[in-house]
Amino acid sequence: MDLSEAWKRLFTDWPDDVAPKGVIITSYDEQILFDGFLVGDELLVINRRTPDASGARRVVLPYTHIQGLKFTEVVKNRALRQMGFGDAGAK
C-alpha cells in the first residue's frame, strides 16, 4: 500500500469517538489546524478552525501531500487501534 492510500484509510476509518480535530502537516511545509474533514477518492477536504491569511476556511488537499498528523485532543489507544495502529511486537 502506498502512503497516500494509508492516509486515505486513516481518515476514512476515523473513529466516531475521536473528535475530528488536529493539525495536518503538508509537503508544502504548512501546518493546517482543522476541526472537520470530508474524504474523497484522491482528495481530502479540510475545515480550518480559523481562516488563513487569504480568508480561506477550507482546503482541498491530495492525500499524496500529507506528511503527518498531530492530534490536539487526547486519543486513547483503543481509538488508535481502530485506526489501524497496534502494540509493538504484536502479531
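Just so it is clear, none of the values below were taken in a lab; they were calculated from the coordinates. Just so it is clear, the structure is predicted and the values come from calculations on it, not from any experiment. FYI the Cβ positions are ideal-geometry reconstructions off the backbone, even for glycines, and counts take in every protein chain you see.
List of remarks:
- Long-range neighbours under 6 Å by Cβ, at least six apart or interchain, first residue closer than 16 Å to Arg81 by Cα within the range 1-28, second surrounded by 11 or more Cβ atoms within 10 Å (Cβ to Cβ) and β-branched (Val, Ile, Thr): Trp7/Ile66; Phe11/Val39; Thr12/Val39; Val18/Val75
- Single residue of the range 9-31 satisfying the filter (assigned to a helix (DSSP H, G or I) and touching a strand residue (DSSP E or B) at 6+ places or on another chain (Cβ under 7 Å)) that is surrounded by the most Cβ atoms within 10 Å (Cβ to Cβ): Phe11
- Total residues in the range 57-83, condition under 21 Å from Leu43 (Cβ atoms) and either out of contact with any Lys or Arg (no Cβ under 7 Å at 6 or more places or on another chain) or surrounded by 13 or more Cβ atoms within 10 Å (Cβ to Cβ) (or both): 14
- The range 45-91: number of residues that are touching a Pro at 6+ places or on another chain (Cβ under 8 Å) and either hydrophobic (A, V, I, L, M, F, W, C) or closer than 14 Å to Pro20 by Cα (or both): 2
- The set of residues in the range 36-66 that are more than 22 Å from Glu5 (Cα to Cα) and either in a strand (DSSP E or B) or in contact (Cβ under 8 Å) with a residue 60 or more places away in the chain (or both) contains only Arg48.
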